[in-house]
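Here's the structure, in structure tokens; my notes come after.
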Amino acid sequence: MEREKVIIIGSGPAGLTAAIYTARASLNPLVIAGSQIGGQIALTAEVENYPGFWNDEKTPTGPELVEVMQKQAEHFGARLEYDEVVEVDFSKGSPFYVKTYGKEYMADAVIVTAGASPRRLGVPGEEDFIGRGVSYCGTCDGFFFRGKDVVVVGGGDSALEEGIFLTKFANSVQVLHRREELRGGVALQKRAFDNEKISFTWNTVVEEVVGNGTVQAVKTRNVKTGEMAERPIDGVFIFIGHYPNSKFLEGRLEMDEHGYVITDELMRTSVEGVYAAGEIQDATYRQIGTSVGQGVAAAMQCERWLSTRE
Ligand code: NAP
């Protein structure tokens, strides 16, 4: 069993920021990075709205931002372990038990920044065609749809941003939205409406993904008229929101009815010495900037709490 001062679970913007701050406070943090360093920003094509990181020659990408954050954390002494947490026990208080696939740890304090994952539609065919036409990441898979016709499901910022990105490759991008009003921000809406490759189909939901080896069509239903249609298509990109990666924390920390970890304004969870930051506890803002801010706050509170115990 290895003993640590601070374990940070997750390596998105909140986790890497908490790592920078706790490392600079000489706490020698261990980051259990999960399956993807950087979390969701590692899958983000362009980062236009994170202050201080923009330039007018080329819009920076998510992986570029992750790389800088990781280097900065490691420069100050954070250690990254490429592993996933499978179990925690916070019931006896500090030190806390944390188990990964590979190791067992005891940690004086824990900062949970395990983030969120894309939601699935839950329709027939969706699971069968993941990686064969169904995708949750335009940045990762857009390249495979060069000259092809794709649909994007959803009407939020992600659907619009990824839909615009997909026009770099695809011949056409058809946005299917269940209402007739978009949820995404006005600036993105304008860019999408102005893009000649993007069309919108309103009041429409996907009922089934069909194909033979790869996706060939989606069956859709108009929620107002009930009319069914089969739309021949090469790819289905789904952007309908996220769910928090908090399954391993069930019964360990207080959560809301959607599984988001409950924190107070000091990023404290229901267990003293366990903090949470980023999308695992924030269903409202979900921005790189807000996750970074929450990571700072969690790290500072964690450091203060540890120093009162010494
Ligand atoms: P979101 O804002 O929750 O939007 C999800 C979209 O999917 C909504 O349009 C929703 O429809 C639709 N939807 C949900 N469940 C559905 C279902 N079962 N079938 C069909 N459609 C469904 O999620 P998001 O777009 O991932 O954005 C999440 C957060 O990240 C937001 O705060 C957003 O501002 C932020 N974000 C920001 C940027 C940026 O600033 N550049 C980029 C990406 C994301 P309804 O509208 O009818 O609910």
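The values are calculated or read from the model by the stated rules, or taken from the named source; none is laboratory data. All of these numbers come straight from a predicted model, not from anything done at the bench. A quick note on method: Cβ atoms are made from the backbone with ideal geometry, for glycine too, and the neighbour counts reach across all protein chains shown.
Quick look at the numbers
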item	result
Strands (runs of 3 or more DSSP E) enclosed by the range 1-93 - at least 2 residues per element that are under 22 Å from residue 243 (Cβ atoms)	2-9, 85-89
Selection within the range 141-155 - part of a strand (DSSP E or B) and farther than 23 Å from residue 241 by Cα	none
Single residue of the range 226-256 satisfying the filter (within 16 Å of the ligand (Cβ to nearest atom) and either of a type in the set (D, E, K, R) or in contact with a Cys (Cβ under 7 Å, 6 or more places away or on another chain) (or both)) that is nearest to residue 34 (Cα to Cα)	256
Any hit, the range 109-126, residues being among the hydroxyl-bearing types (Ser, Thr, Tyr), within 16 Å of the ligand (Cβ to nearest atom), outside any helix (DSSP H, G or I) and surrounded by fewer than 19 Cβ atoms within 10 Å (Cβ to Cβ)	yes
Which numbered condition residue 217 misses (of (1) at pLDDT 95 or above; (2) more than 11 Å from the ligand (Cβ to nearest atom); (3) among the small types (Gly, Ala, Ser); (4) in contact with a Phe, Trp or Tyr (Cβ under 8 Å, 6 or more places away or on another chain))	(4)
Residue 246 closer than 30 Å to residue 274 by Cβ, at pLDDT below 95 and either surrounded by 15 or more Cβ atoms within 10 Å (Cβ to Cβ) or not assigned by TED's automatic domain parsing to the domain that holds residue 132 (or both)	no
Selection from the range 258-287 of residues that are within 16 Å of the ligand (Cβ to nearest atom) and of a type in the set (Asp, Glu)	279, 282
Candidate set: the range 127-136, residues that are within 15 Å of the ligand (Cβ to nearest atom) and touching an Asp or Glu at 6+ places or on another chain (Cβ under 8 Å); chosen: the one nearest to residue 295 (Cα to Cα)	135
Checking residue 223 against (1) away from the ligand (no atom under 16 Å from the Cβ); (2) in the same structural domain as residue 158 (by TED's automatic domain parsing); (3) farther than 20 Å from residue 136 by Cβ, the condition it does not meet	(1)
Residue identified as closer than 28 Å to residue 1 by Cα and aliphatic (A, V, I, L, M) among 86, 66	86
Residue match in the range 140-157 (condition: β-branched (Val, Ile, Thr), within 15 Å of residue 44 (Cα to Cα) and at pLDDT 95 or above)	no
Total residues in the range 29-74, condition free of Cβ contacts under 8 Å to residues at least 40 places away in the same chain, hydrophobic (A, V, I, L, M, F, W, C) and either closer than 22 Å to residue 298 by Cβ or in contact with a Lys or Arg (Cβ under 7 Å, 6 or more places away or on another chain) (or both)	3
Residue match in the range 139-151 (condition: in contact with a strand residue (DSSP E or B) (Cβ under 7 Å, 6 or more places away or on another chain) and within 11 Å of the ligand (Cβ to nearest atom))	no
Scope the range 251-303; condition buried (at least 20 other Cβ atoms within 10 Å of the Cβ), at pLDDT below 95 and among the hydroxyl-bearing types (Ser, Thr, Tyr); matching residues	none
The range 180-201: number of residues that are aliphatic (A, V, I, L, M), within 8 Å of the ligand (Cβ to nearest atom) and not in a helix (DSSP H, G or I)	1
